[in-house]
1. Give the residue, chosen from B:ILE145, B:ILE199, that is open to solvent by less than 20 Å² (accessible area, probe 1.4 Å), in the same structural domain as B:VAL35 (by TED's automatic domain parsing) and either within 12 Å of ligand 2 (Cβ to nearest atom) or out of contact with any Gly (no Cβ under 8 Å at 6 or more places or on another chain) (or both).
2. Can you pull out the residues in the stretch B:277-317 that are free of Cβ contacts under 8 Å to residues at least 24 places away in the same chain and among the hydrophobic types (A, V, I, L, M, F, W, C)?
3. Show the residue pairs that are 6+ apart or on different chains and have beta-carbon atoms under 9 Å apart, the first residue being within the stretch A:238-261 and not assigned by TED's automatic domain parsing to the domain that holds A:ASP127 and within 12 Å of ligand 1 (Cβ to nearest atom), the second being among the basic types (Lys, Arg) and in a helix (DSSP H, G or I).
4. Which condition number does B:LYS169 fail, the rest of (1) open to solvent by less than 40 Å² (accessible area, probe 1.4 Å); (2) under 30 Å from B:LYS302 (Cα atoms); (3) modelled with pLDDT of 95 or more being met?
5. Please go through the stretch B:80-107 and pick out each residue that is crowded, with 24+ Cβ neighbours inside 10 Å, within 14 Å of another protein chain (Cβ to nearest Cβ) and not aliphatic (A, V, I, L, M).
6. I'm trying to understand the selection: among the residues of the stretch B:170-210, which are assigned to a loop (DSSP other than H, G, I, E, B) and of a type in the set (Asp, Glu)?
7. When you look at B:ALA70, is it more than 9 Å from chain A (Cβ to nearest Cβ), over 18 Å from B:GLU30 (Cβ atoms) and more than 16 Å from ligand 1 (Cβ to nearest atom), yes or no?
8. Of the residues that sit in the stretch A:151-165 and are within 24 Å of A:GLY286 (Cβ to Cβ) and open to solvent by less than 20 Å² (accessible area, probe 1.4 Å), which one is farthest from ligand 1 (Cβ to nearest atom)?
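The values are calculated or read from the model by the stated rules, or taken from the named source; none is laboratory data. Note that the structure is a prediction, hence the values are computed from the model and not measured. Note that we place each Cβ from the backbone using ideal geometry, even for glycine, and neighbour counts take in every protein chain shown. Quick note on the areas: whole protein, heavy atoms, side chains included, nothing else; ligands and nucleic acids left out. Shrake-Rupley method; radii C 1.70, N 1.55, O 1.52, S 1.80 Å.
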There are 2 protein chains.
Amino acid sequence: MDIRTSYKNNNYTISVANDILENKLKTWTEQYEDVFYLIDENVYALYKDTKLKNIHSPIVVTGGESFKYASPLMNTIEKLLELGIKRNSLIVVIGGGATGDAGGMIASLVLRGVDYIHIPTTLLAHDSAIGGKTAINSLHGKNLIGSFYRPKAVIYDLDFLYSLSNDEKLSGFGEVFKHALLLSEIEVESLMKVTKDSIEIKDLTEFIISGIKLKMDIVTKDEHESGSRKFLNLGHTLGHAIEYQYKIPHGQAVMLGILFSLYLSNEIYQQDFDLVKYYNFMAHHGYPVQLLQNMNEDDMIKLMQQDKKNHQGDLITFILFSDTNTLTLTDIKKSDLYDYLRRIKETL
Amino acid sequence: MDIRTSYKNNNYTISVANDILENKLKTWTEQYEDVFYLIDENVYALYKDTKLKNIHSPIVVTGGESFKYASPLMNTIEKLLELGIKRNSLIVVIGGGATGDAGGMIASLVLRGVDYIHIPTTLLAHDSAIGGKTAINSLHGKNLIGSFYRPKAVIYDLDFLYSLSNDEKLSGFGEVFKHALLLSEIEVESLMKVTKDSIEIKDLTEFIISGIKLKMDIVTKDEHESGSRKFLNLGHTLGHAIEYQYKIPHGQAVMLGILFSLYLSNEIYQQDFDLVKYYNFMAHHGYPVQLLQNMNEDDMIKLMQQDKKNHQGDLITFILFSDTNTLTLTDIKKSDLYDYLRRIKETL
Ligand SMILES: NC(=O)c1ccc[n+]([C@@H]2O[C@H](COP(=O)([O-])OP(=O)(O)OC[C@H]3O[C@@H](n4cnc5c(N)ncnc54)[C@H](O)[C@@H]3O)[C@@H](O)[C@H]2O)c1
Ligand SMILES: NC(=O)c1ccc[n+]([C@@H]2O[C@H](COP(=O)([O-])OP(=O)(O)OC[C@H]3O[C@@H](n4cnc5c(N)ncnc54)[C@H](O)[C@@H]3O)[C@@H](O)[C@H]2O)c1
């Protein structure tokens, strides 16, 4: 499946399917005199004798999130310059969302921008594959330093996903679930049916594709996040606080955050999301739902207040369903939030 | 004088005049809740009790070129985040071309881009005030890491220029001279007449303005330097080699490079630039023209070959006048270049 972006210019194609890497990549690398590969060390270790065997002398970068810091970023830029990268060279970034974020930023900065292609290798990276955001982390928080810079293409070869750890799979599935829920209740019902017993990569293709399409629709309308792009942060307000406090993978924390958003939508907007059904689904697959029972209200509120995006004075902003298909930014007072956090424990 | 850019979008105004800082700046800072000032330490030391006296708790950054490196860049970004910069804050960058280049890059990266204004304080910075290029230096060369990012406004208060050292004034004047020459022979004649005895800042206003306008015309047509923007590098091929070898200020080296380009234009395209007149003008003002007599041909060629922009195999590219008002990229063979470098010594 090929999905084409619809920006005013600098459009690109996201190809999603099994076993597409070699052919698709070739059509790109043939067009450039010099190609430089940046590959996550864990991915390279797993695939260097199979899917990546034709890639010679790549720059193997530190794995996952540890790459998203100033000094590995700058070292990699210097390395590319040392190897003689030119304005008309191509960078191919192979790895998860973290490698993609830092790799994209590197491509945007070296020689004031060279072409790059992203080859996502995680389930969560279906999210970062679209949107054009690049970033590294600051001492003061995640993703605070970066740019908007689009790849020339995204080649999402789903073969890579079979080697993900269960933790990573659950994390990525959290975002797939979020996109399904943002799309429609029918979509999320259908996703839950398919994954009722277990989450199998092979069953997720259509949901990955519809998730990418949904995100594309939103970000092409609002690249710089002034309006509707914010809705993509469904579940992130409490999610980030849980992620930070309990050091669990991003998408797993978002999953718990989504549950809280559904609870709030029921309470504030009289929706009738079947919380028990969602709770059981998450528990069955091993999401750490018990944290919603164990969390300390004060700690959570303090962390949510530190998240500059989501708070103004005494108000904390949540993304809620005000109607079945309508999302709304809703500001909740600290004191009310305290009650909601306490009462969801009794409800679950 | 206000000059408005004419890009398709994100246009901005460059205001050039004496004593405009306070008023112009106020109209901008009033529009933002938070304003952060980045000021070159040398500029701040000179003006903190006068023109900059109303600026409270600025971030004073290391002076000149030493700011254009990864670690001061990243430290300043962290500092801004520590101080609580938001997406809707404004950064005001006050300093020469170096402060502007790194400050613009900082603005482009913090929170994926916040608004910024540049207040150039050197003569050379009339050049960097337009064009939207930001950059820091790499271990492997100048300006190799950066982005394209436009300020919201440039406020060029010419009062600042009176405190420049003679060396800096001569360097900045080199670029003013280049722009005049690129504009027309009449323009450069007129500039040379006005500065016949000495180069006085007060006499340069109209030439600074026409230089900015010329550069604007060129860069709006060709922001990413695929075509005509290259002509702005007149004098830079040999200039960079001289700058590197003899560690003289950029604009002074460019001035010598321009003389060589005029010589080549005479030799190759039968132009009749009066070399002796230009040589005497430069010598009179203290440009180190004797370097053109002392330089070693082999050293110069080796350095020009290291400059990736200007060479392909055995050919080195120069910007020459093929006709009075026509510029041409001209590739010269190494062996021919050797002869030209040797022969200009006899001619001068
Ligand atoms: N730019 C965006 O729009 C956007 C959107 C969502 C997330 N993100 C970012 O993405 C990151 C999270 O994404 P992620 O979970 O893909 O992170 P990741 O890149 O850190 O990958 C997670 C772990 O899986 C390993 N891994 C990668 N591919 C593998 C494979 N095929 N088999 C086995 N192991 C593999 C990695 O080495 C790493 O240890 C965060 O930094 C987040 O900020 C960005
Ligand atoms: N982005 C662009 O398009 C562009 C174009 C041309 C040059 N540049 C860059 O600009 C830099 C050179 O510009 P520059 O000469 O302005 O450099 P600069 O900023 O290094 O200033 C030169 C020196 O003058 C001092 N100074 C600044 N203002 C002063 C004042 N009013 N009085 C006294 N001293 C003052 C500085 O502290 C510094 O020591 C280079 O890094 C070059 O790469 C960029």
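1. Details: B:ILE199 fails: in the same structural domain as B:VAL35 (by TED's automatic domain parsing).
The conditions single out B:ILE145.
2. B:ALA283, B:LEU315
3. A:HIS240/A:LYS309; A:GLY251/A:LYS178; A:VAL254/A:LYS178
4. Unmet condition: (1).
5. B:ASP101, B:GLY104
6. Of the stretch B:170-210, the ones assigned to a loop (DSSP other than H, G, I, E, B) are B:184, B:195-200, B:204.
Within the stretch B:170-210, B:ASP197, B:GLU200 meet the criteria.
7. Details: more than 9 Å from chain A (Cβ to nearest Cβ): no; over 18 Å from B:GLU30 (Cβ atoms): yes; more than 16 Å from ligand 1 (Cβ to nearest atom): yes.
Answer is no for this residue.
8. Taking the candidates together, the pick is A:LEU158.
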